[in-house]
Amino acid sequence: MIATTPPGQARWSSRAAFVLAATGSAVGLGNLWRFPTEAGMNGGGAFVFFYILFVALIAAPLLLSETLIGRHGQRSTIGSAAYLARQSGASPAWSALAVVGLIANTLILTFYGVVAGWVIYFVGSTGMDLFGTIAAGQPLAGAYADSTVEGISLLMPNLFANPGLLVAMQAVFVVLTVWIVARGVKGGIEAAAVWLMPAFFILLIAITIYAAITGDFGAALTFLFTPDFERALQPGVLSSALGQAFFSLSLGGGAMIAYGAYASRDTNMGSTSGVIAFADTSVAIIAGLAIFPIVFSVGLQPDAGPTLMFQTLPAAFHSMPGGAIVGFLFFVLAFFAALTSSVSLLEISVAWVTEKFRMTRVNAAVMMGVIVFAVGLLSALSFNILADQRPIPFVPGFENAGWFDAIDGITSRLLLPLSGLITAIFIGWVADRKLVNAETGLSGPVLVAWRFLIAWVCPLAVAAILVIGLFPSLL
Ligand code: TYR
């Protein structure tokens with residue numbers, strides 16, 4: 001039952017390292033790219049309102065549940081869930097929560113690698129621009145100093161028109177992810193997260209201040225924080241907001257179970273989970289406050305979809321003093337933020353394959369990397385060669401979705417919440433109460449409140465939103 005290399009043997013070197021690595025998993029393209037995209041497509045304020053509400057009442061309690069399953073089990077996600085079930089005298093079939101999660105995470109990584117490939121493209125183009133300026137001995141000005149804003153907004157369409165380049169960038173990102181995971185989580189991830197997350201945070205705040213001063217900050221605030229509740233009662237908004245809460249906090253896929261497994265016994269899981277949830281949500285809101293002022297001042301449409309971040313920020317760097325260097329740094333840090341998340345996406349299946357099939361970590365990482373890359377081609381090419389394919393026209397809300405949108409939507413709106421639903425029922429009702437309570441590190445009214453949220457609010461709310469998402473006509 002215990003694997004040859006139990007993941008429990010690896011340890012974060014401190015509580016701070018655990019917080020930073022888990023925050024590194026949570027903070028990524030989900031905050032920078034997906035949050036503004038989803039907020040923009042779902043009408044802004046109403047989406048943001050429910051997103052924050054769902055983080056507080058559903059996602060944060062689930063985050064604690066996942067980390068405690070991992071810390072208790074100290075095995076792969078599936079192994080840890082089965083272990084807690086057995087110890088509670090319940091069927092190990094409850095590890096289904098982690099099976100669903102493993103499938104979801106692997107699918108998420110397929111398109112995550114594609115978007116991260118776009119980031120790499122911008123690292124390259126802002127980098128060439130920066131070093132070209134320096135080589136020519138010109139003073140540092142904005143990014144892409146010799147283009148117009150219209151020219152910059154064509155960078156994405158031009159990239160999409162070049163499938164070979166898209167796929168090459170995606171391949172680079174998947175190879176890097178495989179490389180770090182193959183080397184083992186602790187050395188690579190921990191080292192990267194400890195330095196890069198703080199640097200990333202400072203730069204993001206600087207860009208937001210710039211956007212607030214030069215962009216249309218008032219319009220952005222109104223858009224993000226004035227909820228139009230009539231809009232919110234459209235079923236898509238609720239399931240998108242819930243899906244975003246799961247996606248952004250790396251919940252449902254098992255990443256937090258996996259990282260919890262490396263935490264030491266004296267880490268207080270309750271307070272740590274609170275810190276992670278707060279940090280992740282703040283980064284999403286700040287990213288929104290960096291992007292939307294530019295959207296409105298440049299005259300873009302907020303519902304532009306997945307390309308929004310890549311069309312707004314380069315335009316801001318264009319006019320920003322020192323934008324050549326800020327733009328380059330931003331994409332470099334976005335790249336690292338993506339990498340600290342993608343590593344956690346791949347880690348789940350790799351830990352399981354090594355535990356189950358006694359494969360070496362390197363072989364498991366390479367094997368999963370090949371699968372992820374191959375399936376990811378569908379998403380990468382859905383912006384050009386496969387643009388006409390509609391893989392799941394029979395699912396309500398996905399009639400017109402191509403491969404990229406379909407895989408993104410199915411994973412975050414369906415699979416992650418489904419895994420979360422099973423987790424909430426398992427932790428709230430099935431798992432041994434004393435064991436679970438002791439793992440939380442909570443006591444008194446906070447423990448009572450958490451138990452109420454996980455046993456009642458999470459299952460009922462997630463189930464209701466799943467049903468509404470599948471049968472929108474019910475609302
Ligand atoms: N939370 C990550 C981000 O925001 C993405 C992610 C999603 C990571 C699910 C892990 C996971 O299990 O970029």
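Remark: region 153-166, residue by residue, has Karplus-estimated 3J(HN,Hα) of 5, 8, 4, 5, x, 5, 5, 4, 6, 10, x, x, 5, 4 Hz, where x stands for each Gly or Pro and the curve is 6.51 cos²θ - 1.76 cosθ + 1.60 at θ = phi - 60°. Taking a ≥ b ≥ c as the square roots of the eigenvalues of the Cα gyration tensor, an a/c ratio of 1.5 or more together with a/b larger than b/c marks region 52-209 as prolate. Dividing the helix sum by the residues of the chain, where each DSSP H run of 4 or more adds -39500 (n - 2.57), gives a mean residue ellipticity at 222 nm of -22500 deg cm²/dmol.
Take the Cα of Met367, step 7 Å toward its Cβ, do the same at Met128, and the gap between the two points is 3.9 nm. Taking a ≥ b ≥ c as the square roots of the Cα gyration tensor eigenvalues, region 205-253 comes out oblate, since a/c reaches at least 1.5 and a/b does not exceed b/c. Descending by average beta-carbon neighbour count within 10 Å, the peptides 46-53, 205-212 line up as 46-53, 205-212, the highest first.
Given R0 = 22 Å, the distance between the Cβ atoms of Asp303 and Asn162 translates into a calculated FRET efficiency of 0.30. A full extension of the chain between Glu150 and Ala93 corresponds to an added length of 15.0 nm, given 0.36 nm per residue minus the alpha carbon distance. For Ser412, neighbours were defined as the other residues whose beta-carbon sits under 12 Å from its Cβ, and their charges (Lys and Arg +1, Asp and Glu -1) total -1.
The angle between the Cα long axis of helix 458-470 and the main principal axis of the chain comes to about 50°, on a 0 to 90 degree scale. Considering only alpha-carbon pairs that sit under 8 angstrom and 6 or more positions apart, the relative contact order computed for region 7-474 is 35 percent. Specify the inter-centroid distance of region 145-202 and region 396-475, based on alpha-carbon positions, in whole Å. For region 145-202 versus region 396-475, the Cα centre distance is 31 Å. Extension gain for Ile202-Val395 works out to 65.3 nm (0.36 nm per residue, less the C-alpha to C-alpha distance).
Note that the chain presents 37 Å² accessible area per residue, ligands and nucleic acids not counted, probe 1.4 Å. Potential lengthening of the chain between Leu140 and Asp432 amounts to 99.0 nm, from the contour at 0.36 nm per residue minus the alpha-carbon distance. Taking all protein chains as they are arranged and a probe of 1.4 Å, the heavy atoms of Lys356 leave approximately 130 Å² accessible to solvent.
The angle between the Cα long axis of helix 416-425 and the longest principal axis of the Cα atoms of the chain comes to about 30 degrees, rounded to the nearest 10. Within the accessible surface of the chain, defined with a 1.4 Å probe on protein heavy atoms only, the carbon and sulfur portion equals 70 percent.
Ordered by 1.4 Å accessible area with all protein chains kept, Thr177, Thr222 run largest first as Thr222, Thr177. Distance between the C-alpha centres of region 319-379 and region 70-96: 26 Å, rounded to the whole angstrom. Per-residue packing, averaged as other Cβ atoms within 10 Å, sorts the ranges 451-463, 63-75, 111-123 into the order 63-75, 111-123, 451-463, beginning with the highest. Computed from Cα positions, the angle between helix 191-214 and the longest principal axis of the chain comes to roughly 50 degrees.
When its C-alpha radius of gyration is set against 2.2 N^0.38 Å (N residues), region 7-474 gives a value of 0.94. Using the Cβ-Cβ distance between Ser473 and Arg358 with R0 = 41 Å, the FRET efficiency computed as 1/(1 + (r/R0)^6) comes to roughly 0.25.
The values are calculated or read from the model by the stated rules, or taken from the named source; none is laboratory data. Bear in mind the structure is a predicted one, so any value in this text is a computation, not a measurement. Cβ sites come from the backbone with ideal geometry, for glycine too, and all protein chains shown count toward neighbours. What goes into the accessible areas is simple: the full protein's heavy atoms, side chains included, and nothing from ligands, DNA or RNA. Shrake-Rupley method; radii C 1.70, N 1.55, O 1.52, S 1.80 Å.
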